[in-house]
Amino acid sequence: MTVLNLVEKSRYLDSVALMRVSRRVSALAGVEAASLMIGSPSNRELLRGAGLLAREGEQAGANDLVIAVRASSGQAAKDAAESALRFLNERNPDESGSLPRARTLAGALEILPGANLALISVPGEFAALEARKALQRGLHVLVFSDNVPLEDELALKRLARDKGLALMGPDCGTALIGGTPIAFANAVPRGDIGLVSASGTGLQEVSTLIARMGGGVSHGIGVGGRDLDARIGALGMLSAIDALEEDPATRSIVLISKPPAPEVAKVVMDRVRRSTKRCVVCFLGASGGTLRDAAEAAMQRKMEAWKEKLEKRKGKLVKGLYCGGTLCSEAKMIFAAKGLKGHSFVDLGDDEYTRGRPHPMIEPELRNEHVAAALADPKIGVILVDVVLGFGSHSDPAGTLTRALNGKKTVIASVVGTDGDPQGWSRQVAMLRAAGVAVAPSNAHAAELAASLVT
């Protein structure tokens, strides 16, 4: 067995493109494993752990690309590495050649001098530097990057506050600014409800439920999953409340978060009580509410009808396999409130699973190996999943999921999105139902339905 590393100096590609090429190289004859990664210290450690790091890769820097191959022979490894280079140089048919491009922030501002928002999506080690540059130039900033050090997040949010700018993130996957969906957002109508969320999928779930009920969203401001941590102190959420309170198009404000630090929740609630606008607070595990409470009454009858149709799995376990962290937390909370134990819920979008790999909302194939394991486990009777649509998400997440199913176990899904999204909510739901999946109207409904089948 031969391990070969080929280092491309000063070459950067995003993790999605590298994942696609890695998959193609792994399928070549004689190749046991392959991975393409930027040569940052954390990525080199991942390659070392996978038995894919050779001497050349050890010398790679954070601006270099490492092509790592383990193959049955030296020639097979060499051929695979050369194929990887060829794949990298192929034009991606999804890329638009008509869009203006720039290699630096300064260059981008020359092309778009009137821009007032910068989206940062670079490896976490470099995100704070780029975000700071944008803030210093007077731009609002959305930091999509994850794995940003906590001390950098705190410093950036303090700088944004002092400059009167918005800092969304880090690890902010969803925003709706003035009706424009950013990253994993959905196509929802404009309206008078402003959302502030420390959860991307939480914002998506609430905004799409509002859309299905005939309402609309003025702005959806993501603040990053750690904003309500005691060390950050809700700096992003407090700034967003101030902004929405001053916005004449916003009449109501909805706050969304996974369980916050108690002392931070108190600070936010004190601010809510001083607000001149109606506020709805959904702090999972603290406020007692769920993301679907607003739509509960209209959907309850349909929920009861589904319970009667699905096979009971009493005594079996539920396995939750989630792309969205807040949706995973909500399901856990529902099971805990019912006193149900032994069931497991996995947030596949957590940093543990995304180091050097794209988020499962971008590449849902990553979930299928976990689905296969759950289908093979005789103790598991129900599999609980989310399917998240929107701009930036995979073009066919339902189709990817159904390829892993065999019809032998009950699978319950919730689909976050609308028919205005590129994937089409109705098309995705129809595909799931054709594969025998029970599709619930919300994540909380799905979790409660799963709980009812095993008790």
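We did not get these values from a lab; they are worked out from the coordinates using the rules stated. Because the structure is a prediction, the values reported are computed rather than measured. FYI the Cβ positions are ideal-geometry reconstructions off the backbone, even for glycines, and counts take in every protein chain you see.
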### Message
Among 429, 395, 381, whose Cα projects farthest towards the positive end of the dipole of region 380-455, with charges put on the beta-carbon of Lys, Arg (+1) and Asp, Glu (-1)?
### Response
381
#### Entry: Given charges at beta-carbon only (K, R positive; D, E negative), |dipole| of region 135-239 in Debye
300
#### Entry: Only Lys, Arg (+1) and Asp, Glu (-1) charged, at Cβ; the chain dipole about Cα centre in debye
1040
## Note on the structure
Sorted by chain and then number, the residues having a modelled amide H within less than 5 Å of the amide H of residue 174, at least 5 places away or on another chain, are 184
### Exceeding the 25 Å Cα-Cα cut-off - candidates 133/258; 316/408; 266/332
133/258
## Note on the structure
For the chain (alpha-carbon point model, no solvent) the Debye-based log₁₀ I(q)/I(0) at q = 0.06, 0.10 Å⁻¹ works out to -0.27, -0.77
### Under-5 Å amide H pairs with residue 253, H placed in peptide plane, nonlocal only
194, 278, 279, 280
### Message
For residue 191, what residues show an amide H to amide H distance below 5 Å, using hydrogens built from the backbone and excluding near sequence neighbours?
### Response
217, 218
### Query
Going by average Cβ neighbours within 10 Å, how do the peptides 177-184, 375-382 rank, with the highest at the top?
177-184, 375-382
### Message
Sorting check: for 4-17, 393-406, 222-235, which peptide has the highest mean count of neighbouring beta carbons within 10 Å, and how do the rest follow?
### Response
222-235, 393-406, 4-17
### Dipole of the chain, positive end: most advanced residue of 47, 279, 75 [Cβ charges, Cα centre]
279
### Query
Along region 230-238, what does the Karplus equation 6.51 cos²θ - 1.76 cosθ + 1.60 (θ = phi - 60°) give for ³J(HN,Hα), rounded to whole Hz, x for Gly and Pro?
4, 6, 9, x, 6, 4, x, 5, 5
## Note on the structure
For region 152-164, Karplus-derived ³J(HN,Hα) couplings (6.51, -1.76, 1.60; θ = phi - 60°; whole Hz; x for glycine and proline) come out as 5, 4, 4, 5, 5, 5, 5, 4, 4, 4, 5, 8, x
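Can you compute the FRET efficiency between residue 12 and residue 158 using 1/(1 + (r/R0)^6), with r the Cβ-Cβ distance and R0 = 22 Å? Round to the nearest 0.05.
Using R0 = 22 Å, I get an efficiency of 0.15.
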### Message
How far apart, in nanometres, would the label points at residue 275 and residue 369 be if each is projected 7 angstrom from Cα along the Cα-to-Cβ direction?
### Response
4.2
### Summary
Note on the chain: contact order normalised by length, alpha-carbon pairs under 8 Å, 6 or more apart, percent, works out to 12
### Message
Given an 8 Å cut-off on Cα distances and at least 6 residues of separation, report the relative contact order of region 105-226 as a percent.
### Response
21
### Reachable aspartates and glutamates from residue 9, criterion Cα separation under 20 angstrom, eight or more residues apart if same chain
45, 56, 58, 64, 79, 82, 90, 125
